[in-house]
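Throughout, read-outs are computed from the coordinates displayed, never taken from laboratory work. Please read all numbers here as calculations on a predicted model, not as lab measurements. Virtual Cβ from ideal backbone geometry, glycine too; neighbours counted across all protein chains shown.
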């Protein structure tokens with residue numbers, strides 16, 4: 001009699017424990033779903049927009065083929081970024097800026113300072129971008145000469161980095177940022193470092209992908 005009672009009691013305790021564990025699991029799952037729904041709802045209501053980049057100007061001190069298949073360049077660019085959101089801040093954790101010509105990187109990447117951009121704020125950077133005797137593909141030398149002869153050189157100012165969104169005290173995870181600013185440079189001769197620097201006012205909208 002005592003043994004049967006103990007078996008029944010143990011079975012009851014096991015069932016009660018399993019039921020309690022299921023309730024705890026369902027409660028945790030419900031809490032996770034509720035938090036995720038609230039975050040999604042806030043995100044949907046605020047509807048964050050990516051930053052808007054504009055290439056303001058490019059100053060060229062040097063851009064030429066120093067020797068076959070080697071390109072030297074010395075430029076200063078001014079790029080601005082505007083946060084179009086009136087309720088969301090943006091953290092720029094790491095931004096690398098560099099210049100490409102015909103899809104080939106021709107300057108060293110320059111690290112821009114990390115910064116926080118408040119609601120509707122504008123941030124401006126004016127870094128120097130330099131490449132000294134950078135090895136380039138063999139076709140690039142002749143392509144540059146052709147562009148100089150035609151009087152138009154297309155450079156691309158690119159920015160790669162990471163951003164985070166801030167809503168109140170909540171900060172999102174990191175998102176990859178890609179910016180591409182085309183710079184159409186009109187020329188009447190060679191862009192060498194022997195003459196004075198040439199400044200081009202562009203105010204060119206950049207393509208942004210977050």
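Put simply, when 61-70, 88-97, 132-141 are sorted by average Cβ atoms within 10 angstrom per residue, most first, you get 88-97, 61-70, 132-141.
Dividing the summed helix terms, -39500 (n - 2.57) for each DSSP H run of n ≥ 4, by the number of residues in the chain produces a 222 nm estimate of -10000 deg cm²/dmol to the nearest 500.
Here the Debye sum runs over all C-alpha atoms of the range 118-210 as equal scatterers in vacuum, and log10 of I(q)/I(0) at q = 0.20 Å⁻¹ comes out as -1.22. For the range 66-139, taking the reciprocal of the average inverse distance between every pair of different Cα atoms yields a Kirkwood hydrodynamic radius of 14.1 Å. Length gained on full extension, residue 146 to residue 176, computed as 0.36 nm times the residue gap minus the Cα-Cα distance: 7.2 nm. Summary value for the chain: 24 percent relative contact order, contacts being C-alpha pairs under 8 angstrom separated by 6+ residues.
To the nearest ten degrees, helix 138-150 and the longest principal axis of the Cα atoms of the chain are 60 degrees apart. Per residue, the convex hull spanned by the Cα atoms of the chain measures out at 176 cubic angstrom. Working from label points 7 Å from Cα in the Cα-to-Cβ sense, the residue 167 to residue 120 distance is 2.0 nm.
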